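Reviewing the structure listed below.
No lab work stands behind these numbers, since they all come straight from the coordinates. This is a predicted model, so every value here is computed, not measured. Here the Cβ positions follow ideal geometry from the backbone for every residue, glycine too, while neighbour counts run over all protein chains shown.
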């Protein structure tokens, strides 16, 4: 997995003592915070979760609108939010079951050594892609 570091504009909208946050380019990425610091923190999480959906669906990531082109009204303002999707996915990833095909002698060697094929595969992928 390559490094997925993204920056998207978020619209911050103060309302009744809280700040609503949403990303016009990332469908479903929205949250709120009690203050700007928490709104930024939760905004990063919402952005990562929204972008993770594109990975899971094997869809291309949406282009980020330049912040100066984001349409705002009233008390709204734009804040750029950066997220390291690789780091997020490592921390929040769930295990999935995958069938693999390999020569039977390799499966026998793994079994004879008392090793786990899943562990060896994870180790190989981690090494190959520098995760």
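Among the residues of segment 8-37, just one is part of a helix (DSSP H, G or I) and touching a strand residue (DSSP E or B) at 6+ places or on another chain (Cβ under 8 Å), namely 36.
Of the residues making up segment 11-70, just one is touching a helix residue (DSSP H, G or I) at 6+ places or on another chain (Cβ under 6 Å) and surrounded by fewer than 13 Cβ atoms within 10 Å (Cβ to Cβ), namely 28. In a residue-by-residue description of segment 48-60, the property of being in contact with a strand residue (DSSP E or B) (Cβ under 8 Å, 6 or more places away or on another chain), more than 30 Å from residue 117 (Cβ to Cβ) and not in a loop (DSSP other than H, G, I, E, B) applies to at least one position.
Results for (1) touching a residue at least 40 places away in the same chain (Cβ under 8 Å); (2) under 19 Å from the mean Cα position of the chain (by Cα); (3) under 30 Å from residue 130 (Cβ atoms), shown as yes or no for each residue.
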position: 30; (1), (2), (3): no, yes, no
position: 34; (1), (2), (3): no, no, no
position: 37; (1), (2), (3): no, no, no
position: 43; (1), (2), (3): no, yes, yes
position: 51; (1), (2), (3): yes, yes, yes
position: 58; (1), (2), (3): no, yes, yes
position: 69; (1), (2), (3): no, no, no
position: 75; (1), (2), (3): yes, no, no
position: 78; (1), (2), (3): yes, no, no
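When segment 74-131 is examined, which residues are found to be assigned to a loop (DSSP other than H, G, I, E, B), surrounded by 12 or more Cβ atoms within 10 Å (Cβ to Cβ) and in contact with a strand residue (DSSP E or B) (Cβ under 8 Å, 6 or more places away or on another chain)? Residue satisfying the conditions is 76 alone.
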